[in-house]
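None of the figures in this text is laboratory data; all of them are computed from the coordinates on show. This structure is a prediction, so every number in the text was calculated from the model and none was measured. In this analysis, Cβ positions are derived from the backbone assuming ideal geometry, glycine residues included, and neighbour counts consider all displayed protein chains.
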Amino acid sequence: GKPDEAKVLKARADVSSISSALMEFNQNEGRYPTEEEGLSALVNKTTTSKNWKQYGYIYKENLIDPWGNKYIYKIPGDNWYFGVMSLGKDGVPGGEGVNASINSRE
């Protein structure tokens, strides 16, 4: 129903925000976070940060999808420099409707 549809829209907005934060991180640091650093590099200064933005790049709360799972980060991504993904309501890759995975390069 409507609550699930709202969660899908929220996840899409989060993926877009995380992608923008990753691009800003890249502009400031000259690289994307490694997979080991993960998306937490957008919230917490890494040991290799040179031009860290004082308050980080994104709120920590935005790194958890509406179903309570961490967003997945891959570098390189499948079709881009990086990939950000929510596995949807069921937490399984693929799927349809509210169970569909939400990717940064859709």
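The angle separating the long axis of helix 2-29 from the principal Cα axis of greatest extent in the chain is about 20 degrees. Between Thr34 and Ile64, the simple spin-label model (points 7 angstrom out along Cα→Cβ) gives 2.7 nm. Segment Asn51..Asp4, full-extension length gain: 13.0 nm, with 0.36 nm per residue of separation and the alpha-carbon distance subtracted.
In this structure, the pairs whose alpha-carbon distance is over 26 Å, taken from Lys7/Lys45; Lys60/Lys89; Lys50/Lys89; Lys2/Lys74, are Lys7/Lys45; Lys50/Lys89; Lys2/Lys74. The magnitude of the dipole of the chain, with charges of +1 and -1 set on the Cβ of Lys/Arg and Asp/Glu and taken from the Cα centre, is near 300 debye. An ellipsoid equivalent to the chain, defined through the eigenvalues of its Cα gyration tensor, has semi-axes of 26, 14, 10 Å when rounded to whole angstrom and sorted largest first.
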